[in-house]
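One structure is given here, and the rest of the page talks about it.
The values are calculated or read from the model by the stated rules, or taken from the named source; none is laboratory data. Please read all numbers here as calculations on a predicted model, not as lab measurements. Note that each Cβ is placed from the backbone with ideal geometry, even for glycine, and that neighbours are counted across all protein chains shown. Please note that ligands, DNA and RNA were not included when accessible areas were found on the heavy atoms of the full protein model with its side chains. Shrake-Rupley method; radii C 1.70, N 1.55, O 1.52, S 1.80 Å.
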Amino acid sequence: MMTGRMRRTLLLAARVRGANSGYFTRIHLPALPLSPEALDPGSCSAAALAQVRIVLVRTTHPGNIGAAARAMHTMGLAQLILVAPEHFPDPQATARATGATEVLADARVVSTLSQALAGCAWAVGLSARPRAFAGRALALRDAACEALQHTVDGDVAFVFGTEMSGLSNDELRQCAAAATIPANPEFSSLNLAAAVQVAAYEVRVAAGANRVWAAPRFAGASHDEVEALYAHAASTLAALRFLDPARPRQLMPRLRRLFGRADLEREEVNILRGILARVDQFVARGLRR
């Protein structure tokens with residue numbers, strides 16, 4: 001969130017110098033304003049995200065646990081449950097969890113997947129390969145949407161298997177559905193932390209956090225200002241003999257179409273007219289020689 005100290009003012013200035021006139025326009029606007037939704041944490045359902053568990057089963061490398069914690073933290077998830085990890089706690093996990101050590105500190109370690117899923121309203125297991133007895137197979141995006149619907153009844157869990165072989169069939173059967181990331185079918189195996197990052201992102205988007213900061217919008221050009229630009233452009237292009245007033249063809253309508261798509265701002269019109277004014281000066285000097 002932007003603070004008062006972070007806010008600064010942009011000074012936009014455009015100067016148009018003509019042969020007989022000139023003017024200077026100054027506008028003060030806040031730099032890179034964020035949309036109200038992006039500034040407001042409530043635009044994303046924080047309550048729903050708090051009910052999402054990330055469950056890592058029999059993780060062999062502690063660095064993957066730390067990287068998964070960091071992936072979770074970037075998307076606002078905090079519940080990390082570790083089922084029989086080979087090494088935890090571990091310095092490598094802490095090192096890979098840069099900025100997200102609080103997620104590691106709060107992680108729960110349990111002995112079985114059943115313990116990790118206790119109290120859950122719904123659980124989905126991640127699997128890259130087809131399983132013969134999977135009850136339902138969902139794309140991860142669909143699974144994230146369905147998971148958020150179940151948060152009204154309690155916690156939901158996204159379950160990830162070991163790095164080498166993923167979830168066993170018995171472990172996957174403890175989940176209500178299987179989910180897969182629609183990756184390259186010729187190489188669909190993601191690093192564990194990368195898979196957690198994708199899942200965490202999809203959950204966050206499903207929770208409503210799909211808004212981003214808004215690009216600055218400056219004062220738009222008025223109808224009269226745009227028409228004056230077209231008149232100025234026609235005059236300058238005629239002086240350059242690029243536009244033949246007797247046979248104008250479609251040049252000016254094409255320029256109108258071009259600038260119409262651009263939705264010109266006042267300062268942009270000023271800049272364009274300043275360029276045309278300078279061209280006018282050079283044309284006038286050439287005619288006097």
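Numerical summary
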{"quantity": "Cα gyration tensor, region 145-213 - rounded (a/c under 1.5), prolate or oblate", "calculated": "oblate"}
{"quantity": "With eigenvalues of the C-alpha gyration tensor scaled by 5 and rooted, region 79-205, Å", "calculated": "22, 18, 16"}
{"quantity": "For region 160-289: accessible area per residue (Å², 1.4 Å)", "calculated": "63 Å²"}
{"quantity": "Whether region 154-289 is rounded, prolate or oblate, judged on the alpha carbon gyration tensor where a/c under 1.5 counts as rounded", "calculated": "prolate"}
{"quantity": "Mean Cβ count within 10 Å, highest first, over the residues of peptides 102-112, 214-224", "calculated": "102-112, 214-224"}
{"quantity": "Region 62-195: antiparallel DSSP beta bridges as a percent of all, rounded to 5", "calculated": "5 percent"}
{"quantity": "Chain lengthening between residue 238 and residue 288 when straightened (0.36 nm per residue, less Cα-Cα)", "calculated": "16.3 nm"}
{"quantity": "Cut-off under 5 Å, modelled amide H: who pairs with residue 136 long-range", "calculated": "178"}
{"quantity": "Counted charge near residue 97, where neighbours are those whose Cβ lies closer than 12 Å (Asp, Glu -1; Lys, Arg +1)", "calculated": "-1"}
{"quantity": "Label point 7 Å beyond Cα of residue 87 along Cβ direction - residues of region 183-212 with amide nitrogen under 19 Å", "calculated": "191-194"}
{"quantity": "Other-chain or far-sequence residues with amide H under 5 Å of residue 53's (modelled H)", "calculated": "156, 157, 158"}
{"quantity": "Under the Karplus curve 6.51 cos²θ - 1.76 cosθ + 1.60, θ = phi - 60°, whole-Hz ³J(HN,Hα) for region 235-251, x wherever Gly or Pro sits", "calculated": "5, 5, 5, 5, 5, 7, 6, 8, 10, 9, x, 6, 9, x, 6, 10, 4"}
{"quantity": "Tensor-based shape of region 226-289 (alpha-carbon gyration tensor, a/c under 1.5 rounded, otherwise prolate or oblate)", "calculated": "oblate"}
